[in-house]
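K.L.:
If you scroll down you'll find the structure; I have some questions about it.
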Amino acid sequence: MKILITGTAGFIGFHLAKKLITEGYDIVGIDNINDYYDVNIKYGRLSELGINKTNIKYNNKIVSSKHTNFKFIKLDITDKENINIVFSKEKFDIVCNLAAQAGVRCSMTNPEAYISSNISGFFTILESCKNFNIKHLVYASSSSVYGLNKSMPFSCEHGTDHQISLYGVSKRTNELMSHSYSHLYGTPTTGLRFFTVYGPWGRPDMALFLFTDAIYNNKAIDVYNYGNMQRDFTYIDDIVKGISKVLRKPALPDKNWNPKNPSPDSSTAPFKIYNIGNNNPVMLMDFINEIENKIGKKAIKNMLPIQAGDVQKTYADVDNLVEDFAYKPNTSIKTGISNFIDWYTEFYKINK
């Protein structure tokens, strides 16, 4: 089985590729390696996948890996012509689209990047999936789509009409676009709403990385809403395990779907949406305490009001994930934070 993973130099894409390579799948990865954050981390991830940085030079140029079942192409998903060439040559069975411009806050300062990558780029992927008869498209959505909703836990059956960030808008747009392609062309699509993913090789703009880096460098951390925040922190290995299960089970039409009382997470088309979260929200101050305990040093805290575009709490209802895949994330923040800090100190060569 041949699988395309977009965003392979990214946090989740890297971990997914690593898992599927070891399981023997034939993997092709693409990524534009943009400079949204330190590209050395992206090249470091690719190196872990057996890709030599010096060989990554041109769009649409295939780079071989030390793994015989993995190859990489530096390519932007908005590049329709070259994306079509890749699909035509490689003849994928499954596509997992993880390439996107990430970050809620950045979407308020650089909105064009979200329209380009998350909407136009996703459209290019959808078109190629339709044109080349892909058996299953799995794509990254986000807990951000729940917007102003405060009904907890967040369920895929909840409405998502009241967005509070352009990032959330772009991810909800992906879900709507996917449904139209599933309905019109029969392309099986599954959207995965990720909840605050963290772990080794994580993004530098995420809380765990920012807090760890600040504590080690004797800098203050920004604690928003004066610490009165809760997040359903989900460890990267749990996210990847969930994706790998979903990949192998293409979405099917829901025979019980009622158009007079339509459920948003399924359809008469081969379309499905799942939350992947830990189903256990954690107070931000408890999260910080775990980081301090692992490092053995207290953080300097800069207490601030909540930021525009932020929500106070996230909490994933994963009942349909459990029902359909007998799977539920369960890694504790103590274990996840410890693993991240071990990676961080090794990557940055910090003496503990």
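The values are calculated or read from the model by the stated rules, or taken from the named source; none is laboratory data. Bear in mind that the values here come from a model prediction, so they are computed numbers and not experimental data. Note that each Cβ is placed from the backbone with ideal geometry, even for glycine, and that neighbours are counted across all protein chains shown. When the accessible area is computed, the model is the full protein with side chains, heavy atoms only, and any ligands, DNA or RNA have been set aside. Shrake-Rupley method; radii C 1.70, N 1.55, O 1.52, S 1.80 Å.
K.L.:
If the Cβ limit is 9 Å and pairs must be 6+ apart or interchain, which residue in segment 215-242 that is closer than 13 Å to Ile288 by Cβ pairs with which residue that is in a strand (DSSP E or B) and of a type in the set (D, E, K, R)?
P.N.:
Here the result reads Ala220/Lys301; Ile221/Lys301; Asp222/Lys301; Val223/Lys301; Gly227/Lys301; Met229/Lys313; Gln230/Lys313; Arg231/Lys313, each pair linking segment 215-242 to a residue that is in a strand (DSSP E or B) and of a type in the set (D, E, K, R).
K.L.:
Of the conditions (1) part of a loop (DSSP other than H, G, I, E, B); (2) without any contact (Cβ under 8 Å) to a residue 40 or more places away in the chain; (3) open to solvent by 40 Å² or more (accessible area, probe 1.4 Å), Tyr36 clears all except one; give me its number.
P.N.:
(2)
K.L.:
What helices (runs of 4 or more DSSP H) lie completely within segment 257-352 and have 2 or more residues being farther than 26 Å from Arg45 by Cα?
P.N.:
Once the helices (runs of 4 or more DSSP H) in segment 257-352 are filtered for at least 2 residues that are farther than 26 Å from Arg45 by Cα, what remains is 284-295, 319-325.
K.L.:
Which pairs turn up if I take residues in segment 302-325 that are within 26 Å of Arg105 (Cβ to Cβ) and look for partners that are acidic (Asp, Glu) with beta carbon separation below 8 Å, at least 6 apart in sequence or on another chain?
P.N.:
Pairs that qualify, where the first residue is within 26 Å of Arg105 (Cβ to Cβ) and the partner is acidic (Asp, Glu), are Asn302/Asp222; Leu304/Asp222; Thr314/Asp232; Tyr315/Asp232; Ala316/Asp232.
K.L.:
Looking at segment 83-137, which of its residues are basic (Lys, Arg) and on the phi > 0 side of the Ramachandran plot?
P.N.:
Residue satisfying the conditions is Lys91 alone.
K.L.:
Right, next: Provide a single number: the residues in segment 286-344 that are closer than 28 Å to Asn149 by Cβ and small (Gly, Ala, Ser).
P.N.:
6
K.L.:
Would you call Thr68 under 20 Å from Ser116 (Cα atoms), of a type in the set (Val, Ile, Thr), part of a loop (DSSP other than H, G, I, E, B) and modelled with pLDDT of 95 or more?
P.N.:
No, not satisfied.
K.L.:
Which numbered condition trips up Lys42, out of (1) touching a residue at least 40 places away in the same chain (Cβ under 8 Å); (2) closer than 22 Å to Phe122 by Cβ; (3) crowded, with 20+ Cβ neighbours inside 10 Å; (4) not acidic (Asp, Glu)?
P.N.:
Of (1) touching a residue at least 40 places away in the same chain (Cβ under 8 Å); (2) closer than 22 Å to Phe122 by Cβ; (3) crowded, with 20+ Cβ neighbours inside 10 Å; (4) not acidic (Asp, Glu), only one is false for Lys42: (1).
K.L.:
Something else now. Can you give me the number of residues within segment 38-88 that are within 26 Å of Cys129 (Cα to Cα), under 20 Å from the mean Cα position of the chain (by Cα) and among the acidic types (Asp, Glu)?
P.N.:
1
K.L.:
Which condition breaks for Asp310 when tested against (1) at negative phi; (2) buried (at least 20 other Cβ atoms within 10 Å of the Cβ)?
P.N.:
Evaluating Asp310 over (1) at negative phi; (2) buried (at least 20 other Cβ atoms within 10 Å of the Cβ) leaves (2) as the failure.
K.L.:
Restricting to segment 243-253, name every residue that is of a type outside the set (Val, Ile, Thr) and open to solvent by less than 50 Å² (accessible area, probe 1.4 Å).
P.N.:
Ser244, Leu247, Ala251
K.L.:
With respect to Gly191, is the statement that it is part of a strand (DSSP E or B) and under 22 Å from the mean Cα position of the chain (by Cα) true?
P.N.:
Numbers: part of a strand (DSSP E or B): yes; under 22 Å from the mean Cα position of the chain (by Cα): yes.
So Gly191 passes the test.
K.L.:
Is it the case that Asn279 is open to solvent by less than 50 Å² (accessible area, probe 1.4 Å), closer than 27 Å to Arg172 by Cβ and touching a Lys or Arg at 6+ places or on another chain (Cβ under 6 Å)?
P.N.:
Details: open to solvent by less than 50 Å² (accessible area, probe 1.4 Å): yes; closer than 27 Å to Arg172 by Cβ: yes; touching a Lys or Arg at 6+ places or on another chain (Cβ under 6 Å): no.
It is false that Asn279 is open to solvent by less than 50 Å² (accessible area, probe 1.4 Å), closer than 27 Å to Arg172 by Cβ and touching a Lys or Arg at 6+ places or on another chain (Cβ under 6 Å).
K.L.:
Still on this structure, I have one more. Could you check segment 101-115 and list, in sequence order, the residues that are in contact with a Ser or Thr (Cβ under 6 Å, 6 or more places away or on another chain) and either among the aromatic types (Phe, Trp, Tyr) or at pLDDT 90 or above (or both)?
P.N.:
Gln101, Tyr114
K.L.:
Counting only residues that are assigned to a helix (DSSP H, G or I) and polar (S, T, N, Q), how many does segment 210-250 have?
P.N.:
So the count comes out to 3.
K.L.:
On the given criteria, is Asn59 farther than 23 Å from Phe340 by Cβ, modelled with pLDDT under 95 and open to solvent by 30 Å² or more (accessible area, probe 1.4 Å)? Spell out how you get there, then give the answer.
P.N.:
Working: farther than 23 Å from Phe340 by Cβ: yes; modelled with pLDDT under 95: yes; open to solvent by 30 Å² or more (accessible area, probe 1.4 Å): yes.
Criteria met by Asn59.
K.L.:
If a residue must be of a type outside the set (Gly, Ala, Ser) and surrounded by fewer than 17 Cβ atoms within 10 Å (Cβ to Cβ), how many such residues does segment 11-25 contain?
P.N.:
Residues that pass the stated criteria total 3.
K.L.:
Another question about this same structure. Restricting to segment 193-242, name every residue that is more than 30 Å from Gly159 (Cα to Cα), of a type in the set (Val, Ile, Thr) and either buried (at least 20 other Cβ atoms within 10 Å of the Cβ) or in contact with a Pro (Cβ under 7 Å, 6 or more places away or on another chain) (or both).
P.N.:
Thr212, Ile215 - these are the residues of segment 193-242 that are more than 30 Å from Gly159 (Cα to Cα), of a type in the set (Val, Ile, Thr) and either buried (at least 20 other Cβ atoms within 10 Å of the Cβ) or in contact with a Pro (Cβ under 7 Å, 6 or more places away or on another chain) (or both).
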